[in-house]
Amino acid sequence: MEHEIKTIGLLTSGGDAPGMNAAVRAVTRAAIFHGIKVKAIYRGYKGLIKGEVEEFHSENVSGIIGRGGTILRSARSEKFRTPEGRAAAYETIKREEIDALVVIGGDGTFTGAKTFTKEYNIPIVGVPGTVDNDLWGTDSTIGYDTALNTIMDCVDKIRDTATSHERIFFIEVMGRDAGFLALNSAIAGGAEAAIIPERKTAEEQIEAFIGHGLRKSKNSSIVLVAEHTFPGDAQGLADILVKNHPEYDVRVTILGHLQRGGSPTAYDRILASRMGVAAVNALLEDQRSVMIGLVNDEIVYVPFSKAIKKDKDVKPDSVAALQILAI
Ligand code: F6P
């Protein structure tokens, strides 16, 4: 079938996430399957501005489905936030004869895409790749499940020391402004509490944790702390706890970027593969300015404006389950 899109530009942008490579593979192969050329753009919008482009064939994406990170490299581009930066990016699009873009990334990536598509009328479809799971309109983002599993493994290991030394551990995890990683890794790791930005203040949550019987039935505790919930993050909270309760032996572990690395889980590989194929289908159906989502195991199209609106809430039953199971 003849269609207007002959060449797709493909990039990954923002924080890397396990499964991005599986998505790169899926978009590349689905496009080639439909007779569309793929131009890979390196280093996200930065590379689009600079013109770092290479045509990809099926073999360019061989053997990458299980690799973490992104073979396209990633970056956060300040320049793309400026009209001059976007004008330079559009020059690359014209020069390379790119008819549409598939962008794999998170909130910042889609915010940039939304502006760019409006200014230059180029169709853009987004694939949600971020460990934070903070995009509205999809049950999960690519990389979230792998990061959750990584954190769970760390919690299991830290539990050994927490129990042996009868300590309270504060484990700080990523999430930017969202508590999905903290809450669900707390449930998966059998932790005693999670301090998340979606519920009350951090101080109130710590008070509740102490009030709910800290050490009444256990000789140790693990608290998952979502980054940016409190000034000084997990260390700041630990300092306050020690000040008010010098009797407790408290330690802090910041998991940092090890949460973003590693081979993607089966769930993330399948999610990325389905979403990558769906992104090409969306362009063939003349969709523009939408993110691919997965809701109740069905592919959906979510306008960028809705995906980035930041009001995806944690599930109240999950919050309750953590509290109930920590008695
Ligand atoms: O958005 C993904 C994320 O890992 C956040 O959870 C975290 O706050 C941020 O990126 C860290 O960014 P960087 O890798 O640039 O330090």
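The values are calculated or read from the model by the stated rules, or taken from the named source; none is laboratory data. Since the structure is predicted, the reported quantities are computational estimates derived from the model, not experimental observations. Positions of Cβ are generated from backbone atoms using ideal geometry, with glycine treated the same way; all protein chains shown enter the neighbour counts. The protein model used for the area step is the full one, side chains on, heavy atoms only, and it has no ligands, DNA or RNA in it. Shrake-Rupley method; radii C 1.70, N 1.55, O 1.52, S 1.80 Å.
Structure notes:
- The charge dipole of the chain, taken about the Cα centre with unit charges on the Cβ atoms of Lys, Arg (+1) and Asp, Glu (-1), comes to about 480 debye, rounded to the nearest 20.
- In the chain, the DSSP beta bridges split such that about 25 percent are antiparallel, to the nearest 5.
- Karplus-based coupling profile of region 149-157, in residue order and whole Hz: 5, 5, 5, 4, 4, 5, 4, 4, 6, with θ = phi - 60° in 6.51 cos²θ - 1.76 cosθ + 1.60 and x standing for Gly or Pro.
- Each of Ala320, Gly14, Phe169 was scored by the projection of its Cα onto the charge dipole of the chain, and the greatest displacement toward the positive side belongs to Gly14; charges sit on the C-beta of Lys, Arg, Asp and Glu.
- Across the cross-link table entries Lys157/Lys310; Lys243/Lys315; Lys200/Lys309; Lys114/Lys312, which are compared at the Cα atoms, the separations over 23 Å belong to Lys157/Lys310; Lys243/Lys315.
- The long axis of helix 83-95 is offset from the longest Cα principal axis of the chain by roughly 50 degrees.
- Virtual paramagnetic centre 7 Å along Cα→Cβ of Asp139, amide N under 13 Å, in region 267-289: 267-268, 271
- Whole-number percent relative contact order across region 147-261, with pairs defined as alpha carbons under 8 Å at least 6 apart: 38
- Residue among Asn21, Asn296, Asn121 with the largest mean-square fluctuation in a Gaussian network model of the chain, springs linking Cα atoms under 10 Å: Asn296
- Model label points for Ser58 and Glu203, set 7 angstrom from Cα along the Cα-to-Cβ axis, are 6.2 nm apart.
- Computed accessible area, Lys114, all protein chains, 1.4 angstrom probe, square angstrom: 70
- Evaluated at q = 0.18, 0.20 Å⁻¹, a Debye calculation over the C-alpha positions of region 147-261 (equal weights, vacuum) places log10 I(q)/I(0) at -0.83, -1.04.
- For Val252, the residues whose amide H sits under 5 Å from its own are Phe170, ignoring neighbours fewer than 5 places away on the same chain, with H placed 1.01 Å from N.
- Among Ile254, Gly179, Ala191 the positive-end extreme of the charge dipole of region 147-261 (Cβ point charges): Ala191
- Between amide H atoms placed 1.01 Å from N, distances below 5 Å from Glu198 occur with Gly179, all of them 5 or more places distant or on a separate chain.
- The chain: most fluctuating residue of Gly256, Gly44, Gly69 per GNM, C-alpha cutoff 10 Å: Gly256
- With respect to the chain, whose longest principal axis is taken over its alpha-carbon atoms, helix 266-284 is tilted by about 30°.
- Short-range pairs are left out: with C-alpha atoms under 8 Å and at least six residues apart, the relative contact order of the chain is 24 percent.
- Residues considered: Asp268, Asp107, Asp139. Largest GNM mean-square fluctuation over the chain, using C-alpha springs under 10 Å, is found at Asp139.
- 0 to 90° range, to nearest 10: angle between helix 202-211 axis and the chain longest Cα axis: 40
- Across the options Gly85, Ala272, Ala147, the greatest Cα extent toward the positive end of the charge dipole of the chain (unit charges at beta carbon of Lys, Arg, Asp, Glu) belongs to Gly85.
- Largest to smallest in accessible area, the residues His57, His212, His245 fall in the order His212, His57, His245 (1.4 Å probe, all protein chains included).
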